[in-house]
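One structure is given here, and the rest of the page talks about it.
Each value in this text was obtained by applying a stated rule to the coordinates, not by laboratory testing. What you are looking at is a predicted structure, and each value in this text was computed from that prediction instead of being measured. Here the Cβ positions follow ideal geometry from the backbone for every residue, glycine too, while neighbour counts run over all protein chains shown.
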Amino acid sequence: MSLQHDPRQNHLLAALALDEYKRLADNLERIELKLGDSLVESGQMMRHVYFPTDCIVSLLCVMEDGDSTEIGVVGGEGIVGISLFMGGETTPSRAIVQSAGTAYRLKGQLLKDEFYRAGPLQGLLLRYTQALLTQMAQTAVCNRHHSLDQQLCRWLLLSLDRLPTNELVMTQELIANMLGVRREGVTESAGKLQRAGLISYHRGRISILDRPGLEARVCECYGVVKKEYNRLLSYHRPGL
């Protein structure tokens, strides 16, 4: 299998011992995900888990009136579907593709069978879950206490860490939906970053021009999340 389509581009799969990986490998199904695709809906019984490679999936809390706010992002460092092996089977959040790309789908029962062997995979998934919970908690704190400018910088950096390029394909309206704010606020904050030479935004494409500049503006929340991923997971790549 070529590197371009190797499941081990997902860092969880890459961290598995060869015997563990082989037990899953033949059942991994490569799928192409488009922007806006739904992997999991609120309250839906989960049948599969997903291992992203070069795409990003947003985890969203959805209100009764349809409004939503992002509570976490998953990319090549992780897995979508932690409720399956945590015993919940369903979740009140949605999982929506934020950045198109490739993922590998695995039947949930196969992952649970491997998880309940209580081998290294179990510990790895539990550490990843703790890191993801840290991201969710810090996102809630950030949304409550920090400015929209800082939230946007955090969101851009978290997304950038999970992509192989410095470019995001994302409209301001979608960013506003992710952050749970008005589009006008995102337009104003993105304009500040563009005038400062940190990003370039044109027709739904955001190019990061000055990462150190973004890191200088971001609040402490990004660093807290990054540090916890690095502490808990040994398979991280530069930036995570």
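Quick look at the numbers
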{"item": "Cα gyration tensor shape of region 143-228, rounded if a/c is under 1.5, else prolate or oblate by comparing a/b with b/c", "result": "rounded"}
{"item": "Rounded to whole Å, sorted largest first: equivalent-ellipsoid semi-axes of the chain, Cα gyration tensor", "result": "30, 19, 17"}
{"item": "Average Cα contact separation per residue, region 3-120, under 8 Å, 6 or more apart, as relative contact order %", "result": "37 percent"}
{"item": "Taking 142, 153, 219 and counting other C-beta atoms within 10 Å, the order from fewest to most", "result": "219, 142, 153"}
{"item": "Nitroxide proxy distance, nm - points 7 Å out along Cα→Cβ at residue 18 and residue 31", "result": "3.1 nm"}
{"item": "Label zone at residue 207 (point 7 Å along Cα-to-Cβ), backbone N below 18 Å, region 164-187", "result": "164-172"}
{"item": "Under 12 Å, Cβ to Cβ, from residue 137 - net charge with Lys/Arg +1 and Asp/Glu -1", "result": "0"}
{"item": "Simple label model, 7 Å out from Cα along Cβ direction - residue 215 to residue 200, nm", "result": "2.2 nm"}
{"item": "Charge dipole magnitude, Cβ of K and R +1, D and E -1 - the chain, Cα centre, debye nearest 20", "result": "400 debye"}
{"item": "Environment charge at residue 96 (Cβ cut-off 12 Å; Lys +1, Arg +1, Asp -1, Glu -1)", "result": "-1"}
{"item": "Relative contact order of the chain, defined on C-alpha pairs under 8 angstrom at six or more residues apart (%)", "result": "21 percent"}
{"item": "Net charge, residue 197 excluded, C-beta distance under 13 Å - Lys, Arg +1, Asp, Glu -1", "result": "+3"}
{"item": "Whole-Å distance, taken between Cα centres, linking region 166-227 and region 111-148", "result": "24 Å"}
{"item": "Region 143-228: relative contact order in percent, alpha carbon pairs under 8 Å with at least 6 residues between", "result": "36 percent"}
{"item": "Shape call, region 3-120: gyration tensor on alpha carbons, a/c limit 1.5", "result": "oblate"}
{"item": "Unpartnered cysteines - no second Cys beta carbon under 4.7 Å - across the chain", "result": "55, 61, 153, 219"}
{"item": "Kyte-Doolittle mean at least 0.0, axial Cα span of 15 Å or more - DSSP H helices of the chain", "result": "120-145, 148-161"}
{"item": "Proximal lysines to residue 22, defined as alpha-carbon separation beneath 17 angstrom and excluding residues fewer than eight positions away on the same chain", "result": "107, 112"}
